[in-house]
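**Q** Structure in structure tokens, see below.
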Amino acid sequence: MKEIYDLIIIGAGPAGMTSSIYASRANMSVLMLEKKYPGGQMLSTADIENYTGYEEISGPDLSEKMFEHSKKFGTEFAFGEISSVEIEENNIKVLNAGDKQYKAKSVIIATGTEAKLLGIPGEQEFASRGVSYCAVCDGAFFRNKEVVVIGGGDSAIEEAIYLSNIVNKVTIVHRRDELRAQKILQERAFQKSNIEFVWDSIPVEIKGERTVNSIIVKNVKTEETKEIVTNGVFIYIGMNPQTEIFKDLGILDNFGYIPTDEHLATKLPGVFVAGDARQKEIRQIVTAANDGAIAAQSAYKYCELSI
């Protein structure tokens, strides 16, 4: 382990892993830190059909391929959860992770996002006992049963389609009267005979005993409530940026995302952002990888100029 790295990448999703490839190929000393598992949200995605070069590939498979590639040119990898980042003399970045401390000339924040919680009674009580945020991870536990999916965006519909091939019935609960997902996903969902829809409705309580056995939903137009019997609840209502540890650096916007310039630089010299934690319009695997390439090149130029 080096005393001071040229670059430390925080996060090993598609943005972080692409950054490591570009930076290490530029002969930078690179450390990539990940608090969970390489791949980020890709690990919980069943089928990926919109990443260039692969007509269809599973999220875990693409994660593995990217991870092996990310280490090919010398990037070091370590597990660690960063608790704080400090800037010391000569703009050296100090990253604290438990009892370990890492230093670097430059940093790429590639921490991504995490699933939003409903915040209703029963959600936390039945977490991992019928409440899930990952169909790929937990879908097999509900084989030949009935489940409810909350949400109407791409993730919700993709995972509902995936679940429909495992369970007997999927009920999609959406707060609007039309889906927000891509049209191709909507068409696939509508064609599934075992997918039903509950429109204009929001969940208000998840009920059960040892495990989930029903969910209460409320119609936002009529205020009427009804109980849906179910064995599981899969929640896809959006994401929150994983940027809380950077709040003291003064680089977050009002929603917790990080604004950058076209070079993916923040207002702090030598601190760059790539992937879903960045303030931007489209958050996809391909845009995260694009960010990673740009951020790595920017970090390289920064280090060259700071010598």
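**Q** Which residues, counting only those in region 287-307, are hydrophobic (A, V, I, L, M, F, W, C) and either at pLDDT below 95 or over 26 Å from S44 (Cβ atoms) (or both)?
**A** A299, C303, L305, I307 - these are the residues of region 287-307 that are hydrophobic (A, V, I, L, M, F, W, C) and either at pLDDT below 95 or over 26 Å from S44 (Cβ atoms) (or both).
**Q** Also: Out of all the residues in region 197-211, which are more than 26 Å from the chain's Cα centre (by Cα) and not aliphatic (A, V, I, L, M)?
**A** W199, D200, K207, G208, E209, R210, T211, listed by residue number.
**Q** List every residue pair whose Cβ atoms lie under 8 Å apart, where the two residues are 6 or more positions apart in sequence or sit on different chains, the first residue falls within region 232-253 and is part of a loop (DSSP other than H, G, I, E, B), and the second residue, located anywhere, is of a type in the set (D, E, K, R).
**A** From region 232-253, the pairs are Y236/E159; I237/K116; G238/K116; Q242/E114; G250/K267; I251/K267.
**Q** Please find, within region 21-53, the residue that is surrounded by the most Cβ atoms within 10 Å (Cβ to Cβ) out of those that are β-branched (V, I, T) and farther than 30 Å from L163 by Cβ.
**A** Residue satisfying both the conditions and the ranking: V30.
**Q** Being in a strand (DSSP E or B) and surrounded by fewer than 16 Cβ atoms within 10 Å (Cβ to Cβ): is that true of K218 here?
**A** The answer is no for K218.
**Q** Across region 245-280, which residue is nearest to T113 (Cα to Cα) among those that are among the charged types (D, E, K, R) and under 15 Å from the mean Cα position of the chain (by Cα)?
**A** Restricting to residues being among the charged types (D, E, K, R) and under 15 Å from the mean Cα position of the chain (by Cα), the top hit is D276.
**Q** While we're on this one: Considering region 62-78 alone, what residues qualify as being within 22 Å of I285 (Cα to Cα), in contact (Cβ under 8 Å) with a residue 24 or more places away in the chain and of a type outside the set (G, A, S)?
**A** Answer for region 62-78, where residues must be within 22 Å of I285 (Cα to Cα), in contact (Cβ under 8 Å) with a residue 24 or more places away in the chain and of a type outside the set (G, A, S): L62, E64, M66, F67, H69, K71, K72, F73, T75, F77.
**Q** Give the residues of region 109-162 that are among the polar types (S, T, N, Q) and touching a residue at least 40 places away in the same chain (Cβ under 8 Å), sorted by residue number.
**A** T111, T113, S132, S155
The values are calculated or read from the model by the stated rules, or taken from the named source; none is laboratory data. Bear in mind that the values here come from a model prediction, so they are computed numbers and not experimental data. Every residue, glycine among them, receives a Cβ derived from its backbone with ideal geometry; neighbour counts consider all protein chains shown.
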